[in-house]
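Readers should treat all values here as calculations from the given coordinates under stated rules, not as data from a laboratory. This one's a predicted model, so the numbers in the text were calculated from it and none came from an experiment. Reconstructed Cβ throughout: ideal geometry from the backbone, glycine too, with neighbour counts over all protein chains shown.
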Amino acid sequence: MIPKEKIIENLKRCPHFERCSQNLCPLDFELHLRSGKEQDKCRWMREPKKKKINGREFIGGGKAMPDGILNFVPECNLKWLNEASRKRWKEIKDKF
């Protein structure tokens, strides 16, 4: 079991931590123990969504997590990241 302080320390690496209310965070060492719905996912876990408004197509979400945060995502949480973030995580790890 990972100490609560270590979990919180890793969560605080995200610049959005102080104002975030999402229950599912890829920086959480115990993410597998959490529950929630689609709207409870961190922005970096959401795949892009396309929406048409007045004939124009808009795409929201699905951006890659910044490298500075991505370095602290535990490998066991990769499956939770959106595709762009997973791809970037692997690119970073392959360089080292």
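Here is how the numbers come out for the structure above:
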| quantity | calculated |
| --- | --- |
| Charge-dipole axis of the chain as Lys and Arg at +1 and Asp and Glu at -1 on Cβ define it, positive-most pick from 59, 70, 44 | 59 |
| Gain on full stretching of the segment that runs from residue 52 to residue 30 - 0.36 nm per residue minus C-alpha separation | 4.2 nm |
| Approximate spin-label separation residue 6-residue 38, in nm, with each point projected 7 Å along Cα-to-Cβ | 3.5 nm |
| Computed magnitude of the charge dipole of the chain (debye, nearest 20; Cβ of K, R +1, Cβ of D, E -1) | 460 debye |
| Sites residue 21 and residue 91 - FRET efficiency at Förster radius 22 Å, r taken between beta-carbons, to 0.05 | 0.15 |
| 65, 1, 45 arranged by Cβ crowding within 10 Å, fewest neighbours leading | 1, 45, 65 |
| Between 0 and 90°, nearest 10: helix 83-95 axis offset from the chain longest Cα axis | 50 degrees |
